[in-house]
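The values are calculated or read from the model by the stated rules, or taken from the named source; none is laboratory data. These numbers come from a predicted model, not from an experiment. Every residue, glycine among them, receives a Cβ derived from its backbone with ideal geometry; neighbour counts consider all protein chains shown.
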Amino acid sequence: LLADDGSVAATIFAEMSALAARTGAINLGQGFPDEDGPAEVLEAARQAIADGVNQYPPGIGMPVLREAIAAHQRHWYGIELDPEREVLVTAGATEALAATLLALVDTGDEVVTFEPFYDAYGALTARAGGIHRTVPLRFPDFRPDTDELRAAVTDRTRVIIVNSPHNPTGAVFDRTTLELVVELAARHDAIIVTDEVYEHLAFGAAHVPVSSLAGAFDRTVSISSGGKTFSTTGWKIGWATGPARLIEQVLAVKQFLTYVNGAPFQPAIATGLSLPDDRFALLADTLRSKRDLLVTGLRHAGFELSVPDTGYFVVADAAAVGHPDGEAFCRRLPELAGVVAVPMTALVHPDRREPYRSLVRFAYCKRVDVLEEASARLARLG
Ligand code: PMP
Ligand code: GLN
């Protein structure tokens with residue numbers, strides 16, 4: 001959590017955005033869109049501010065949003081939630097993850113994640129005093145090995161974090177893998193925490209929430225957020241849903257982290273969650289064409305790739321363009337090509353970097369002209 005000199009270490013995402021700002025390079029590092037999402041969602045926030053929705057909302061979130069989250073879970077996944085007791089609004093998925101792990105994990109408890117992993121899982125596990133165990137996902141298909149998953153979960157496991165659709169790999173875990181997670185959690189009495197922030201940005205098979213599987217709901221805290229779906233990453237409206245007994249524990253921590261958050265953005269995200277299905281499909285289709293654009297550009301430049309099924313990112317092997325050290329490559333990429341990317345080694349445990357050494361993550365949640373320019377620049381690498 002702290003750098004060697006005791007200062008606060010910047011996250012890899014902040015570091016790479018700063019590098020882009022400093023060098024003027026195209027920022028395909030940190031995952032945030034450079035265009036606004038649905039106009040109704042933006043307008044609803046303006047309207048809420050104009051209507052005076054500017055003071056502390058209720059600690060568990062405004063009723064309009066809790067009801068919209070419950071309706072969304074029922075409509076898309078057939079999950080029934082009591083919006084009074086089983087839905088909690090948080091400051092982004094990040095706060096939901098923080099409050100959940102701080103609530104559930106005690107010193108020495110084990111937390112299992114797949115690897116590479118979103119940086120917050122490792123940092124929050126350490127902050128809670130837990131021990132982080134991982135199940136590797138290997139380039140280029142990034143499917144977990146079921147024996148390795150079985151071996152990682154034991155009676156010491158308190159939490160299994162399932163991030164599907166997965167950042168950074170763009171993998172979607174199949175139903176069999178998710179069912180195995182539920183089976184292992186039941187056998188070892190662990191809690192499942194899901195991170196589903198890319199739930200609406202899948203390009204192939206429909207998203208399957210773990211809590212919709214048989215036997216899962218009672219031991220699962222499901223986490224998502226409006227930031228990715230509606231291109232409002234700066235609003236930080238997220239949520240945790242699940243059985244009241246678990247959600248109460250998450251609320252107990254949340255109320256002294258942020259207490260409440262984002263009053264005028266809550267009804268706006270409720271508006272977004274209530275949009276017709278075809279609008280969600282359009283969001284995914286638009287992103288898919290951006291994926292295809294950058295995938296074509298990276299292939300043309302000579303990279304080997306794992307084509308993602310979902311999300312904001314594509315993972316490329318820089319060894320194929322003569323750069324076996326992904327960290328060094330990312331540091332030099334602004335100068336080599338005027339582009340910024342994130343080294344995959346930043347998203348794995350320091351002791352397990354070797355298999356990921358030459359891999360880098362590029363974000364394609366950017367305007368078409370930006371992706372075209374980035375592709376043209378990367379083509380000059382060779
Ligand atoms: N989980 C994953 C996998 C993410 O990629 C992100 C966003 N970068 C988050 C959580 C954080 O979401 P939020 O911005 O809603 O806190
Ligand atoms: N989730 C985004 C990413 O993976 C950024 C999040 C952050 O900056 N912490 O790039």
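Values computed for the structure shown
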read-out	value
Sole residue being surrounded by 18 or more Cβ atoms within 10 Å (Cβ to Cβ) and either within 16 Å of ligand 1 (Cβ to nearest atom) or in the same structural domain as L251 (by TED's automatic domain parsing) (or both), chosen from T107, T125	T125
Test for A240: is it buried (at least 16 other Cβ atoms within 10 Å of the Cβ), away from ligand 2 (no atom under 16 Å from the Cβ) and assigned to a strand (DSSP E or B)	yes
Sole residue being assigned by TED's automatic domain parsing to the domain that holds S17 and not in a helix (DSSP H, G or I), chosen from C330, C365	C365
Condition met for P144 (away from ligand 1 (no atom under 13 Å from the Cβ) and assigned to a loop (DSSP other than H, G, I, E, B))	yes
Residue count for the range 82-109, restricted to those that are more than 24 Å from T157 (Cβ to Cβ) and in a helix (DSSP H, G or I)	1
A186 being in the same structural domain as A152 (by TED's automatic domain parsing) and surrounded by fewer than 17 Cβ atoms within 10 Å (Cβ to Cβ)	yes
Selected residue [buried (at least 21 other Cβ atoms within 10 Å of the Cβ), within 13 Å of ligand 1 (Cβ to nearest atom) and not in a loop (DSSP other than H, G, I, E, B)] from I192, I161	I161
Among the candidates T258, T233, residue that is within 16 Å of ligand 1 (Cβ to nearest atom), farther than 18 Å from A363 by Cα and not aliphatic (A, V, I, L, M)	T258
Residues of the range 306-328 that turn out to be surrounded by fewer than 24 Cβ atoms within 10 Å (Cβ to Cβ) and away from ligand 1 (no atom under 16 Å from the Cβ), as a count	12
Test: residue in the range 227-237 that is in the same structural domain as G59 (by TED's automatic domain parsing) and assigned to a helix (DSSP H, G or I)	no
Filter result for the condition that a residue is within 16 Å of ligand 2 (Cβ to nearest atom), within 24 Å of H207 (Cα to Cα) and more than 15 Å from the chain's Cα centre (by Cα), over F142, F114	F142
Number of the exception - T286 against (1) more than 16 Å from ligand 1 (Cβ to nearest atom); (2) more than 26 Å from A39 (Cα to Cα); (3) not hydrophobic (A, V, I, L, M, F, W, C)	(2)
Criterion violated by G24 - all others in (1) over 19 Å from G238 (Cα atoms); (2) buried (at least 20 other Cβ atoms within 10 Å of the Cβ) satisfied	(2)
Residue identified as closer than 20 Å to G37 by Cβ and over 20 Å from the mean Cα position of the chain (by Cα) among L251, L246, L293	L293
Condition met for E84 (farther than 25 Å from A14 by Cα and either more than 9 Å from ligand 1 (Cβ to nearest atom) or over 16 Å from the mean Cα position of the chain (by Cα) (or both))	yes
Index of the failed condition, G29 passing every other in (1) within 16 Å of ligand 2 (Cβ to nearest atom); (2) under 19 Å from T232 (Cβ atoms)	(2)
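For (1) free of Cβ contacts under 8 Å to residues at least 40 places away in the same chain; (2) more than 16 Å from ligand 2 (Cβ to nearest atom); (3) in the same structural domain as T194 (by TED's automatic domain parsing), each residue gets a yes or a no:
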residue	(1), (2), (3)
P63	yes, yes, yes
Q73	no, yes, yes
P83	yes, yes, yes
T94	no, no, yes
T100	no, yes, yes
